[in-house]
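To start, the structure under review is shown below, and the notes come after it.
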Amino acid sequence: MKENIRTIGIDDSAFNRDKSTETFVFGVIVRGYSLVEGVLRTEVKIDGTEATDKIISMITNSKFHEQLRAIFIRSSTIAAFNIVDMNLLNKRTSIPVISVLSEIPEEEGVKKALSRFSDWEYRLRILNENPSIEYIKFRNNEGRDCEALVQQIGLRDKSEIKNLLRVTCYSSCIPESLRLADKIGQSFKEFTLTS
């Protein structure tokens with residue numbers, strides 16, 4: 001795998017559940033682990049159902065689409081329980097999709113949280129159809145030993161996942177594009193977005 005591949009890291013912005021009905025989703029394009037080449041933005045409803053379509057549109061309508069070699073997301077839930085269909089995202093963009101989780105979701109807690117939605121079965125089905133979680137050990141670009149929980153579609157095997165993480169993680173164990181998307185999103189903590 002080339003060292004300077006372009007990836008996009010996608011994360012939502014911080015939001016106030018009492019005031020906001022929508023939130024921003026940012027996509028940061030980074031070459032390798034060091035060169036930021038662009039920032040994309042869309043909006044999604046908090047607890048909505050359109051996150052996958054909005055992310056697909058954000059990517060496919062950008063000038064970067066054909067150059068991207070991986071899509072990183074922090075979780076398959078965005079904007080609270082707006083579920084990302086990783087299979088559909090991969091199919092419509094033709095780009096591998098990798099979710100880098102901080103912990104394994106507690107299944108009963110997720111089911112309980114989803115049960116308040118009238119379409120909870122649909123949301124749960126998407127979550128269950130997303131790829132299974134794999135435990136990966138790798139070394140980042142500085143040589144630091146890292147561990148990650150990942151879901152992925154579009155990569156051949158663990159070796160390819162490890163290599164991708166190695167070339168996109170600099171000093172942390174999070175791909176730089178995803179780390180930066182999170183930082184941008186966190187800067188919107190006090191921002192209120194309503195439709």
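Any read-out appearing in this document is the output of simple, stated calculations on the displayed coordinates, not a laboratory observation. Every value quoted in this text rests on a predicted model; they were computed, and no experiment measured them. Here the Cβ is made from the backbone with ideal geometry for all residues, glycine too, and neighbour counts use every protein chain on show.
Odds and ends about this structure:
- Computed over every Cα-Cα pair of region 6-186 and binned at 5 Å starting from 0, the pair-distance distribution P(r) comes out as 1, 9, 18, 22, 21, 16, 9, 4, 1, 0 percent.
- Shape metrics for region 80-195, restricted to C-alpha atoms - Rg then Dmax, Å: 16.0, 47
- Taking the DSSP beta bridges with both ends in region 36-195, the antiparallel portion is around 80 percent.
- In the structure shown, the pairs Lys91/Lys162; Lys63/Lys158; Lys2/Lys158; Lys54/Lys112; Lys19/Lys45; Lys19/Lys112 are assessed against 20 Å; a Cα-Cα span above that value is assigned to Lys91/Lys162; Lys63/Lys158; Lys54/Lys112; Lys19/Lys112.
- For the chain, the Cys residues with no second cysteine's beta carbon closer than 4.7 Å are Cys169.
- Site pair Lys111 and Arg125 shows an inter-label distance of 1.8 nm when each label is modelled 7 Å from Cα along Cα→Cβ.
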